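Trainee: I'd like to ask you about the structure that follows.
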Amino acid sequence: MAKVKGKNTCPELNLKKLLSMAGIKYTTNRKLEGKPDIILKPQKVTIFIDGCFWHKCPICFRAPKSNTSYWKQKIKKNVNRDRKLNKTLKKEGWKVIRIWEHDVFKNPDKVLFKIIKNII
């Protein structure tokens, strides 16, 4: 797990490029709770790019075949933390957008539309 990157992942860099090409200004100031991947400050929008394995994507997730009890608990904890964080940020007035990593690559137009819809 030490090799798992926490920032500037491939999906994150692709989304940043997509936002830049669309003329959408963003920041990556990570002082906000939960450390969103991308923040649109003027619109109070946080964007999280969730890894399909780590956040249990309903389409892509495949449970590991070894050490299953550890991974089951680990993934469940991640999903519960995400839900709690969403509620916390919403109470603070932020919009929360969660994007699956596979959507950044397979459906970039859909991802961009989802973001634009939340900032206008």
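Where a number appears in this text, it was derived from the coordinates with a stated rule and is not lab data. Because the structure is predicted, anything quoted here is derived from the model rather than measured. Please note: Cβ atoms are built from the backbone with ideal geometry, for glycine as well, and neighbour counts cover all protein chains shown.
Trainee: Could you give me the ³J(HN,Hα) list for the range 44-59, computed from phi with Karplus coefficients 6.51, -1.76, 1.60 and θ = phi - 60°, whole Hz, x at Gly and Pro?
Mentor: For the range 44-59, the Karplus curve yields 6, 10, 10, 10, 10, 9, 8, x, 4, 6, 5, 10, 6, 4, x, 9 Hz.
Trainee: Take Lys117, project a point 7 Å from its Cα along the Cβ direction, then tell me which residues of the range 40-82 have their backbone nitrogen under 11 Å from it.
Mentor: Answer for this model: none.
Trainee: Of the cross-linked pairs Lys77/Lys114; Lys44/Lys84; Lys41/Lys114; Lys16/Lys76; Lys90/Lys114; Lys25/Lys95, which ones have a Cα-Cα span greater than 21 Å in the structure shown?
Mentor: Check vs 21 Å cut-off fails for Lys77/Lys114; Lys16/Lys76.
Trainee: Please report the net charge: other residues with Cβ closer than 14 Å to the Cβ of Gly23, K and R +1, D and E -1.
Mentor: Around Gly23, the charge tally is +3.
Trainee: From Cα coordinates alone, what are the radius of gyration and Dmax values for the range 46-87 in angstrom?
Mentor: Answer for the range 46-87, Rg first and Dmax second: 11.0, 35 Å.
Trainee: What is the Rg over Rh value, at two decimals, for the chain, using alpha-carbon atoms and the Kirkwood definition of Rh?
Mentor: 0.97
Trainee: Now for a different question. Which one of Cys52, Asn118, Asn67 is farthest out on the positive end of the charge dipole of the chain, using unit charges on Cβ (Lys, Arg +1; Asp, Glu -1) and the Cα centre as origin?
Mentor: Asn67
Trainee: I would also like to ask the following. Just the isolated ones, please: cysteines in the chain lacking another cysteine beta carbon under 4.7 angstrom.
Mentor: Cys10
Trainee: A further question on this structure: Taking θ as phi - 60°, what are the ³J(HN,Hα) couplings along the range 32-43 by the Karplus curve (6.51, -1.76, 1.60), each to the nearest whole Hz, with x for Gly and Pro?
Mentor: 6, 4, x, 6, x, 5, 9, 10, 10, 4, x, 8
Trainee: Amide H to amide H under 5 Å from Val45: which residues, 5+ apart in sequence or cross-chain, H placed 1.01 Å off N in plane?
Mentor: When sequence neighbours closer than 5 places are left aside, the close amide H contacts are Leu40, Lys95.
Trainee: Here's another thing I want to ask about it. About the Cα centre of the chain, what is the dipole size in debye to 20, counting +1 per Lys and Arg Cβ and -1 per Asp and Glu Cβ, all else neutral?
Mentor: About 440 debye.
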